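The values are calculated or read from the model by the stated rules, or taken from the named source; none is laboratory data. Not measured: the values here are computed from a predicted model. FYI the Cβ positions are ideal-geometry reconstructions off the backbone, even for glycines, and counts take in every protein chain you see. Note: accessible area is taken over every heavy atom of the protein model, side chains too, but ligands, DNA and RNA are not part of it. Shrake-Rupley method; radii C 1.70, N 1.55, O 1.52, S 1.80 Å.
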Amino acid sequence: MSAVATASAIRVSGVRKSFGDLEVLRGVDLDIAPGSVFALLGSNGAGKTTLVRILSTLLAADAGTAAVHGFDVGAQAAEVRESISLTGQFAAVDEILTGRENLMLVARLRHLPGPGAIADDLLARFSLTDAGDRRAGTYSGGMRRRLDIAMSLIGDPPVIFLDEPTTGLDPQARLEVWQAVKELAAGGTTVLLTTQYLDEAEQLADRIAILHQGRIIADGTLAELKALLPAATVEYVEKQPTLEEVFLSIVGDTSPAEPPSKEPS
Ligand SMILES: Nc1ncnc2c1ncn2[C@@H]1O[C@H](COP(=O)(O)OP(=O)(O)OP(=O)(O)O)[C@@H](O)[C@H]1O
Ligand SMILES: [Mg+2]
């Protein structure tokens with residue numbers, strides 16, 4: 001695959017998508033730098049998975065353009081697919097096979113030399129060496145998700161989509177997956193992750209965008225988003241707003257400049 005010189009790993013412009021009468025995406029714009037971790041935040045049904053499906057060529061947009069790794073998702077779908085991997089909420093792990101066999105299977109499907117060595121390397125990177133020869137069906141949720149992310153790395157795709165990588169996991173397993181995502185970022189992979197968890201975005205992302213009512217209503221670094229809500233708005237205690245406060249303030253209708261009062265003036 002030829003490396004494509006591009007300023008953006010992912011560029012989305014004016015993307016719209018409806019299902020029947022339901023307008024899910026109403027003109028989405030995004031620009032994601034190579035090697036960054038980008039979190040797409042949104043409530044249930046906001047359209048996060050829909051956007052990820054469009055970017056991974058599984059679904060066609062009604063309007064607008066999107067490019068991944070420099071390739072148009074419509075006109076160059078095959079090149080896009082070679083440049084990405086997608087890990088959905090439900091792990092694509094074969095439970096009958098061991099962790100090591102799962103990894104080797106993907107390496108063989110991708111026609112890579114030395115599948116055993118590839119598997120061993122990934123098992124080590126994701127702290128699964130000891131469990132490598134156990135059937136994946138015996139793994140905990142966190143181990144399974146880690147194995148799934150490891151499988152998605154085979155072939156070194158430059159762009160990885162993680163759709164709600166930690167939904168349904170317990171706190172320990174979430175930490176394990178966070179660690180795996182940090183490893184990806186350290187290796188230079190561009191990661192677009194969707195999440196409903198504000199702390200997850202806060203922990204992992206270089207930039208955060210909020211998808212709400214079909215549009216990106218905020219997009220910036222954590223510091224930039226926090227700057228939308230000045231610390232001074234918290235009257236009694238001088239403190240920085242949490243991302244949760246920023247999110248609720250932007251998504252909700254309450255004015256961030258006003259302290260709560262019974263009677264709106
Ligand atoms: N194939 C489809 N046909 C009809 N409606 C759909 C289809 N796919 C998604 N939708 C609807 O589009 C809206 C957005 O769905 P989507 O799965 O993108 O949301 P999401 O942000 O990923 O939500 P969640 O956080 O629950 O995963 C929802 O109302 C959903 O019911
Ligand atoms: Mg979803």
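Odds and ends about this structure:
- Answer residue from the stretch 11-49, given it is under 22 Å from VAL181 (Cβ atoms) and of a type in the set (Val, Ile, Thr) and is nearest to ligand 1 (Cβ to nearest atom) among those: THR49
- Residue check, ALA186 over 23 Å from PHE71 (Cβ atoms) and open to solvent by less than 10 Å² (accessible area, probe 1.4 Å): no
- Of the residues in the stretch 86-94, at least one is in contact with a Pro (Cβ under 7 Å, 6 or more places away or on another chain) and under 30 Å from LEU22 (Cβ atoms).
- Pairs where the first residue, in the stretch 15-29, is more than 14 Å from ALA60 (Cα to Cα) and the second is of a type in the set (Ser, Thr, Tyr) and more than 8 Å from ligand 1 (Cβ to nearest atom), C-beta under 8 Å, 6+ apart: ASP29/SER13
- When we screen ILE210, ILE160, ILE154, ILE149 for residues that are β-branched (Val, Ile, Thr) and over 14 Å from the mean Cα position of the chain (by Cα), the only hit is ILE154.
- All positions within the stretch 147-183 that are open to solvent by less than 30 Å² (accessible area, probe 1.4 Å) and either polar (S, T, N, Q) or in contact with a Pro (Cβ under 8 Å, 6 or more places away or on another chain) (or both): ILE149, SER152, THR166, VAL177, VAL181
- The set of residues in the stretch 76-100 that are at pLDDT 90 or above, surrounded by 15 or more Cβ atoms within 10 Å (Cβ to Cβ) and not in a helix (DSSP H, G or I) comprises GLN76, ILE84, LEU97, THR98.
- One residue from GLY45, GLY27 being part of a strand (DSSP E or B) and in contact with a strand residue (DSSP E or B) (Cβ under 9 Å, 6 or more places away or on another chain): GLY27
- Which listed residue is without any contact (Cβ under 8 Å) to a residue 40 or more places away in the chain and away from ligand 2 (no atom under 16 Å from the Cβ), from GLY188, GLY155, GLY142: GLY142
- Single condition VAL37 does not satisfy, out of (1) of a type outside the set (Asp, Glu); (2) more than 16 Å from ligand 2 (Cβ to nearest atom); (3) over 13 Å from the mean Cα position of the chain (by Cα); (4) under 15 Å from THR194 (Cα atoms): (3)
- Test result for LEU51, assigned to a strand (DSSP E or B), within 16 Å of ligand 2 (Cβ to nearest atom) and either farther than 21 Å from LEU147 by Cα or touching a residue at least 60 places away in the same chain (Cβ under 8 Å) (or both): no
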